[in-house]
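Okay, so here's the structure we're looking at.
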Amino acid sequence: METSPNPIDIIEKYFDAELRPETLGEFDGIDPERWIDFSKHYLAAMKSGFANAYLDAQAAPAHAVRLYFEPSIAHDWAEALQKRFVETPLLGYRAFLPGNPRITREQVSEFLNPLKKHLLLADSVFVKDNFYYCFDMVADTVSRNGWRADPNVVSLVDMSIARIRAYLPILAELRDLIWSNALVFMPYYITPTFPYANVPAKLNGHVERLRIVDPSGEVWKDGIPAHEFEKVLVPWLNARLLGLDPVYLTDAMARIGGTLSFDGDAATSPASDLLSVSILPFGGAGEIDLDTLWDMRRNESVFAHVRLLTAQCKKHLEDNLGQGATPKAANALGRQFLQDHLASLPTQKVISFAEKPSVSLVWRTALAVATLGTSEIVGPLASAVLDSSVAKAALSRLAPERRAIAYLNAAL
């Protein structure tokens, strides 16, 4: 059976074992030589299969949003993350974070926080394959025969194996997102400008096709320093040549990137950045947990509405929130946006009860009313907890667009 070029599939087929939190013990007794062989197998599988699986013109449906985080600026990503998030091995230059190898689901959820709102906006989010980065030197340079003779190589192998084993629990918790192509671990060596941080001479022909489209004249009116433009050009060029949508470090860089196109393109590339999605109130201070995030994405028809509503809500907030607005104001405006959208939909009666079901987690009561609308529920359902079997049954009967609103409301 063909191996898909993602960490989960490669690991599971190579070791003939499922990678899940409850099966991690099966990977404890593997000898170093087999890990060395695995590292080379992983590299070969990614080199031979990744481009066709993810970057071929047929790899994604038309109009799919596939966000790309430029790997050559990993240190810049790490610095940007310090503004709000904890250090994460999923983005930035540190592929390995020391600590307990049996990391918890809550910790992995925290690692994913910088990308969760991007995962509400995009079909796929492409990040540097920091899992491979844990052991790339072994894959490239170490032979399974004779490696124990050199203490430096022994140290490299031991360190790499420790990093692999520390990363396995992270992959296990992200299994659904990785296997569904929501989160894509992309080999850094596949980028057109690799191994350079700037634009190599071989790409000059593409640079000559570059055009700037700035109808308002606002973005370029004061000019842009060359060193700042270079930081925009490299991510834009790599993303464009890979058929992906670039994510920038800042909103200012995203505005510049949004003016770039190739000669003959019908439209400029979509512009996004790392931190402006924080305007979205979904998740609050704690962000969205992994289970809720997967529930939002697992049903394609529901996720299509989640993605559209999230993008519309972001624009609505950007257009209507004043400078320095509080998170509370963003939350209120976001909730009103969802309520207004819900009110525009035809009425859908969900379910009715003769008896009031048991009530717990009272804070969910307002959510049930706000999500489904009091006119659409026979009284007692408004008191049911959406986590209960009763409420889940009601939620499952909603049309996809209403379910999307329910999930986003739950994340407020």
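Listing for the model above:
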| quantity | calculated |
| --- | --- |
| Accessible area of region 7-190 belonging to carbon and sulfur atoms, whole % at 1.4 Å probe | 49 |
| Accessible area in square angstrom per residue, region 7-190, 1.4 angstrom probe | 43 |
| For region 201-279, alpha-carbon Rg over 2.2 N^0.38 Å | 1.06 |
| Residue order for 88, 141, 292 - accessible surface, 1.4 angstrom probe, largest first | 141, 292, 88 |
| DSSP beta bridge pairing in region 7-190, given as percent antiparallel to the nearest 5 | 10 |
| In region 7-190, lysine pairs with alpha-carbon atoms under 30 angstrom apart (chain gap of 8 or more, or interchain) | 13 |
| Residue-level accessible surface for residue 227, protein heavy atoms, 1.4 Å, Å² | 130 |
| Calculated on alpha-carbon atoms, Rg and Dmax of region 62-142 in Å | 13.9, 43 |
| Local net charge near residue 264, Cβ-Cβ under 10 Å (Lys/Arg +1, Asp/Glu -1) | 0 |
| 1.4 Å probe accessible area per residue over region 201-279, in Å² | 49 |
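The values are calculated or read from the model by the stated rules, or taken from the named source; none is laboratory data. Model, not experiment: these values are computed from the prediction. Heads up, the Cβs are rebuilt from the backbone with ideal geometry, glycines too, and the neighbour counts pull from every protein chain shown. Heavy atoms of the whole protein, side chains included, go into the accessibility calculation; ligands, DNA and RNA do not. Shrake-Rupley method; radii C 1.70, N 1.55, O 1.52, S 1.80 Å.
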